[in-house]
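Shown next, in structure tokens, is the structure this report addresses.
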Amino acid sequence: MNQPPKVVVIGSLNMDLVVKARRAPKRGETVMGDEIHFIPGGKGANQAVGLARLGAEISMIGAVGSDSFGRELKRALKKTGVNITGVKEHDSQATGVASILLAEGDNSIVVVPGANALCLPEDLEDNERMIAEADLVLLQLEIPLATVEYGIQLAKKHGKIVMLNPAPAQSLSQELLSQVDYLTPNRSELALLAGMPEESSVAQGINRLLDTGVTCCVTTLGAEGAAFMEKEGSITKILGHQVPVVDTTGAGDAFNAGLAYALAQQKSIREAAEFAVEVSALAVTKFGAQGGMPRLREVEEHFT
Ligand code: ATP
């Protein structure tokens, strides 16, 4: 059997507190809710679980508080097979929390980064060996930007493939973008990074990002699938799969996990994007971000 690909995820861990209520409270009002769920989340942890489910050898670098949520998040990762020796516990900050209110078919979310803000460049130095042994390093933007920049720098120093999921959206310097091999914005992140209105074409947005020095840009397009372009290439679209949708939370995380898994195995960008569209299509047929991540066998059985 082939060696599993080795991926290091440098990113966030959050506990999602999902409250369901018939209606949202008005300012200053208290309403009674119907349900509460505590669901492990955070883009970093979600993508790490997605990769582990697919069979990658996966290590996570991140930070939680020394509290019950932090212990629960670490336990959830370890149970899926993620190496959590790079996840540091801090006394001075609580574990990151996303407070999500679902009411009247809408959601409103407050994210408190907590300990994620303490995931610092020195934590990467402590785990440099992990990075040196990986095939690919995957990052998102829910930890301090200085850590993301240093993570990319270390990955480059060791000649690793660098993949950045620029979520949540924020502007990034050309210096940072020019070191990224694979950039994976969704439609709105693409518009913000390219400094263009969302109505402008995907190809225009991607072209702008390629001009900054990114080697390849892969944009997710929701139910429509994804599109990618490499430097000096032309735009290639991968159509989305029609599936019975249950919950699209974490669709982007599943896509990134699938893409990283295939790229870490030296697959072509076309093969990797096709695989990522399959993985994310299956993920939206199940509830929950981490809970919805499919196993490799499920993907193979469904799409062959
Ligand atoms: P989220 O923030 O909800 O995680 P995102 O905005 O980062 O999502 P999307 O572009 O919405 O990412 O979706 C990522 C991928 O998931 C798409 O490229 C597609 O392959 C798959 N996907 C999303 N929604 C659907 C759907 N309704 N049907 C099939 N596939 C879907």
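Which residues in the range 183-202 place their backbone N less than 19 Å from a point set 7 Å from the Cα of K267 along the Cα-to-Cβ direction?
183-185
Can you check what the net charge comes to around L164, using other residues whose Cβ is under 15 Å from the Cβ of L164 (Lys, Arg +1; Asp, Glu -1)?
Taking every Cβ under 15 Å from that of L164, the sum is -3.
Per residue, how much accessible area does the range 128-278 show when a 1.4 Å probe rolls over the protein heavy atoms, in square angstrom?
Result: 42 Å² per residue.
So, with a 1.4 angstrom probe, what is the percent of accessible area on the chain that is carbon and sulfur?
Carbon-and-sulfur percentage of accessible area, whole number: 49.
Considering every pair of different Cα atoms, what Kirkwood radius, in Å, is found for the range 51-193?
Mean inverse Cα-Cα distance, inverted, gives 16.3 Å.
Take the Cβ-Cβ distance between E29 and F287 as r, set R0 to 30 Å, and report the resulting FRET efficiency rounded to the nearest 0.05.
Efficiency, from the Cβ-Cβ distance: 0.55.
For a quick check of understanding: with a 1.4 angstrom probe and all protein chains in place, what accessible area in square angstrom does H158 have, to the nearest ten?
About 60 Å², rounded to the nearest 10.
I need the calculated FRET efficiency for the pair D126 and M196, taking r as the beta carbon distance and R₀ as 41 Å, to the nearest 0.05.
The pair D126/M196 has a calculated efficiency of 0.55.
So if I place +1 on the C-beta of Lys and Arg and -1 on the C-beta of Asp and Glu, and nothing else carries charge, what would the dipole magnitude of the range 114-254 be about its Cα centre? I want it in debye, nearest 20.
Computed about the Cα centre, the dipole is about 380 debye.
Given H placed 1.01 Å from N in the peptide plane, which residues other than close sequence neighbours of I61 have an amide H under 5 Å from its amide H?
Correct list: V9, I10, G11.
Which value in nm describes the separation of the simple spin-label points at I36 and V19, placed 7 Å from the Cα toward the beta carbon?
Simple spin-label model gives 0.8 nm for this pair.
Count charges around G195 for me, please; just the other residues with Cβ under 14 Å from its Cβ, Lys/Arg as +1, Asp/Glu as -1.
-3
Can you give the convex hull volume per residue for the Cα atoms of the range 14-90, as a whole number of Å³?
119 Å³
Helix-derived [θ] at 222 nm for the chain: sum -39500 (n - 2.57) over DSSP H runs of at least 4, divide by residue count, nearest 500?
Value at 222 nm, helices only, nearest 500: -10500 deg cm²/dmol.
For the cross-link pairs K43/K88; K6/K78; K20/K88; K88/K231; K78/K231; K74/K231, which exceed 28 Å when the distance is taken from alpha carbon to alpha carbon?
Table pairs above 28 Å Cα-Cα are K20/K88; K88/K231; K78/K231; K74/K231.
Between the range 86-149 and the range 249-284, how far is it from one alpha carbon centroid to the other, in angstrom?
21 Å
Report the FRET efficiency, 1/(1 + (r/R0)^6), for L296 and K78, where r is their Cβ-Cβ distance and R0 is 30 Å, rounded to 0.05.
For L296 and K78, the calculated efficiency is 0.90.
The values are calculated or read from the model by the stated rules, or taken from the named source; none is laboratory data. Please read all numbers here as calculations on a predicted model, not as lab measurements. Neighbour counts run over all protein chains shown; Cβ positions are idealised from the backbone, glycine included. We work out accessible area using only protein heavy atoms, side chains counted, and drop any ligands, DNA or RNA first. Shrake-Rupley method; radii C 1.70, N 1.55, O 1.52, S 1.80 Å.
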